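Everything on this sheet refers to the single structure shown next.
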Amino acid sequence: MKNIVILISGRGSNMEAVVRAAENEGWPARIAAVISNKPEAKGLEFAKARGIPTAVVANKDFSSRAEFDAALQESIDRFAPDLVVLAGFMRILTAPFVAHYEGRMLNIHPSLLPLFPGLGTHQQALDAGETEHGATVHFVTAELDHGPVVAQARVPVLPDDTEDTLSARVLVEEHKLYPHAVRLFVEDRLSITDGEVRITNAAPAETTSI
Ligand code: GAR
């Protein structure tokens with residue numbers, strides 16, 4: 001049984017997708033906690049209603065990134081995570097924090113990385129005249145929205161798209177992509193060695209029985 005700690009900053013729809021998939025598909029994992037840097041994050045309500053432990057480590061209570069990250073790390077580690085899942089967690093993380101969770105922290109970003117890191121990805125894709133856009137799940141490294149890619153989902157950009165229509169189309173895919181990637185990790189089918197992502201098709205038990 002693997003412990004997953006999910007970090008959110010707001011709506012939490014990706015967190016919700018992961019929680020629902022874990023329950024519905026019977027993953028060998030438990031959602032050990034949902035932690036937010038914003039006390040008002042909507043997603044906390046869903047987690048509480050599901051009986052998932054929640055915590056708030058508010059960045060506004062800390063005077064430096066280093067202090068905030070240290071407090072966040074302490075809060076996360078109380079739940080002994082095998083995997084930390086960033087689900088709309090809108091904070092730049094310090095290098096020591098990232099190093100502490102090396103190989104066991106995933107992020108989802110709403111673009112086809114390496115295109116459009118940072119904020120406003122959907123408008124950036126429209127402004128660039130892209131005909132294709134999407135979302136990326138990647139292992140977290142110290143550089144924002146970089147790090148080895150685990151999986152991507154693609155959607156078309158339609159001629160009359162606005163930021164809202166495009167982000168809605170991408171979000172539908174995020175809700176499938178992120179549970180898929182997290183499931184690979186909890187089933188020991190996803191790993192990273194020397195910056196290289198390795199995905200195996202079958203769960204180890206299935207592989208060895210062949
Ligand atoms: C998602 O679209 C996620 O990809 C994005 O924030 C949204 C959070 O929505 N993350 C980033 O931009 C990270 N750089 P949610 O709270 O409903 O999951």
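The values are calculated or read from the model by the stated rules, or taken from the named source; none is laboratory data. Treat the numbers as computed from the prediction; the structure is a model and nothing was measured. Cβ placement follows ideal geometry from the backbone for every residue including glycine, while neighbour counts extend to all protein chains displayed. The area values use the complete protein model at the heavy-atom level, side chains included, leaving out ligands, DNA and RNA. Shrake-Rupley method; radii C 1.70, N 1.55, O 1.52, S 1.80 Å.
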Where Rh is the Kirkwood radius over the Cα pairs of the range 88-210, the temperature 37 °C and the viscosity 0.692 mPa s, what D in µm²/s does Stokes-Einstein return?
212 µm²/s
Which distance in Å, rounded to a whole number, links the C-alpha centroids of the range 1-42 and the range 94-131?
19 Å
To the nearest 10 square angstrom, what accessible area does LEU126 show with a 1.4 Å probe?
40 Å²
Most fluctuating residue given options LYS176, LYS42, LYS60, as computed from a GNM of the chain linking Cα atoms under 10 Å:
LYS60
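Percent of accessible area on the chain owned by carbon and sulfur, 1.4 Å probe?
Carbon and sulfur atoms account for 52 percent of the accessible area of the chain.
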Probe 1.4 Å, all protein chains in place: accessible area of MET1 in Å², nearest 10?
150 Å²
Expected vector for the range 31-45, Karplus 3J(HN,Hα) from phi with 6.51, -1.76, 1.60 and θ = phi - 60°, integer Hz, x for Gly and Pro, equals 7, 6, 6, 10, 10, 10, 8, 10, x, 8, 4, 4, x, 4, 5
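With all distinct Cα pairs included, what does the Kirkwood hydrodynamic radius of the chain come out to in Å, to one decimal, could you say?
On the way: mean 1/r = 0.0567 Å⁻¹.
Final number for the Kirkwood radius of the chain is 17.6 Å.
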Go ahead and estimate [θ] at 222 nm for the chain from helices alone: -39,500 (n - 2.57) per DSSP H run with n ≥ 4, summed, over the residue count, rounded to 500.
-10500 deg cm²/dmol
Step through the residues of the range 66-76 one at a time and calculate ³J(HN,Hα) from phi using the Karplus curve (6.51 cos²θ - 1.76 cosθ + 1.60, θ = phi - 60°), rounding each to whole Hz and writing x for Gly and Pro.
4, 5, 4, 4, 5, 5, 5, 4, 4, 5, 5
With θ set to phi - 60° and the Karplus curve 6.51 cos²θ - 1.76 cosθ + 1.60, what are the ³J(HN,Hα) couplings of the range 172-183 in order, to the nearest whole Hz, using x for Gly and Pro?
4, 6, 4, 5, 9, 5, 5, x, 4, 5, 5, 4
In square angstrom, rounded to the nearest 10, how much accessible surface does GLU40 have for a 1.4 Å probe?
130 Å²
Surface per residue (accessible, 1.4 Å probe) for the range 2-199, Å²:
47 Å²
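Counting only Cα atoms, I'd like the Rg/Rh figure for the range 79-129, Kirkwood definition for Rh. Let's see the in-between values first.
Numbers: Rg = 13.6 Å, Rh = 12.7 Å.
Taking Rg over the Kirkwood Rh, I get 1.07.
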Considering only protein heavy atoms, with the full assembly of protein chains and a 1.4 angstrom probe, order ASP77, ASP160, ASP194, ASP69 by accessible area, largest first.
ASP194, ASP160, ASP77, ASP69
Just grab the label-to-label distance for THR165 and ASP82, each label 7 Å out from Cα along the Cβ direction, in nm (one decimal).
4.3 nm
